[in-house]
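Worksheet: one structure, shown below.
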Amino acid sequence: MRVFVAGAAGAIGRQLISLLVGAGHDVTGTTRSTERAEWLASAGARPIIVDAYDRDALRAAVADARPDVVVHELTDLARGFDAENIASSGRLREVGTRNLVDAAVAAGAGRLVAQSGAWVYADGPLPHDESHPLRDPTDSPDVRGILELERVVMGTPGIDGIVLRYGFFYGPNTAFRAVNAPEPHVSVEAAARATAAAVERGPAGLYNVVDDNNAITNVRARNLLGWQP
């Protein structure tokens, strides 16, 4: 399949690109960095330098790639989790998601797999599953961005939207190790495996992609994606 990965050279992208290329997919990946574009090329993907806020350029990039599947891994957290970066990432999820989904639909992609967060569930009975309510969008720009991302990905006609609610990443190129990652968490390698699986199979919908824990269940991802943490 032809797969277009937006945000392809971040922590999860560096794991995901290798999996997709290794599985024989024709992969195009975006970045805003020349250095990261060189890494994408070395990993076997076709790099495109484009900003997700540039609606026309992004639309042209996706159209040129003619993807069967689009993967959304856009964040703005490479510099850390301070308030400014969290707010910037929330805005990217709101604006960049709309631009990417519109580009995917225009290009005829049938499937879109998007990054969300498993830490946005509202207080309530445990364990949380994908049907449980989420926090109020006024809680933070990050929560507002995630809720808007899920609304757009799941609610746009003409495309099968899959939303992966990742835990906090730990492992290579992340801020955490397994011993100090906040809950809920998941190894970045395992999250990439779930994403690669969602590219190839599983019905549209929501999936928790987290390590086994008592607060959030990952049964749907296990059963429908064939994934294990």
- [ ] Considering only region 202-226, state which residues are within 16 Å of the chain's Cα centre (by Cα) and either surrounded by 18 or more Cβ atoms within 10 Å (Cβ to Cβ) or more than 17 Å from Ser116 (Cβ to Cβ) (or both).
- [x] Gly202, Leu206, Tyr207, Asn208, Val209, Val210, Ala221, Leu225
Open item on the list: I'd like the residue in region 92-131 that is touching a helix residue (DSSP H, G or I) at 6+ places or on another chain (Cβ under 8 Å) and surrounded by fewer than 16 Cβ atoms within 10 Å (Cβ to Cβ) and, out of all such residues, is farthest from Asp68 (Cα to Cα).
Closed with: Asp129
TODO: Just name the residue that is surrounded by the fewest Cβ atoms within 10 Å (Cβ to Cβ) out of those in region 153-185 that are touching a Leu at 6+ places or on another chain (Cβ under 9 Å) and among the β-branched types (Val, Ile, Thr).
DONE: Thr156
Task: Sole residue being in a loop (DSSP other than H, G, I, E, B) and of a type outside the set (Phe, Trp, Tyr), chosen from Asp102, Asp51 - done: Asp51
Open item on the list: Can you tell me which of (1) modelled with pLDDT of 95 or more; (2) part of a helix (DSSP H, G or I); (3) among the hydrophobic types (A, V, I, L, M, F, W, C); (4) over 16 Å from the mean Cα position of the chain (by Cα) is the one Ile12 doesn't meet?
Closed with: (4)
- [ ] Being farther than 22 Å from Val199 by Cα and not β-branched (Val, Ile, Thr) is the filter here, so list the residues in region 173-185 that pass it.
- [x] Asn173, Ala175, Phe176, Arg177, Ala178, Asn180, Ala181, Pro182, Glu183, Pro184
Task: Subset of region 188-210 (residues that are in contact (Cβ under 8 Å) with a residue 60 or more places away in the chain and assigned to a helix (DSSP H, G or I)) - done: Val188, Glu189, Ala191, Ala192, Arg193, Thr195, Ala196, Ala198, Val199, Glu200
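The values are calculated or read from the model by the stated rules, or taken from the named source; none is laboratory data. Owing to the predicted nature of the structure, the values given are computational and were not obtained by experimental measurement. Neighbour counts are summed over all protein chains in view; Cβ atoms, including those assigned to glycine, are modelled from backbone coordinates with ideal geometry.
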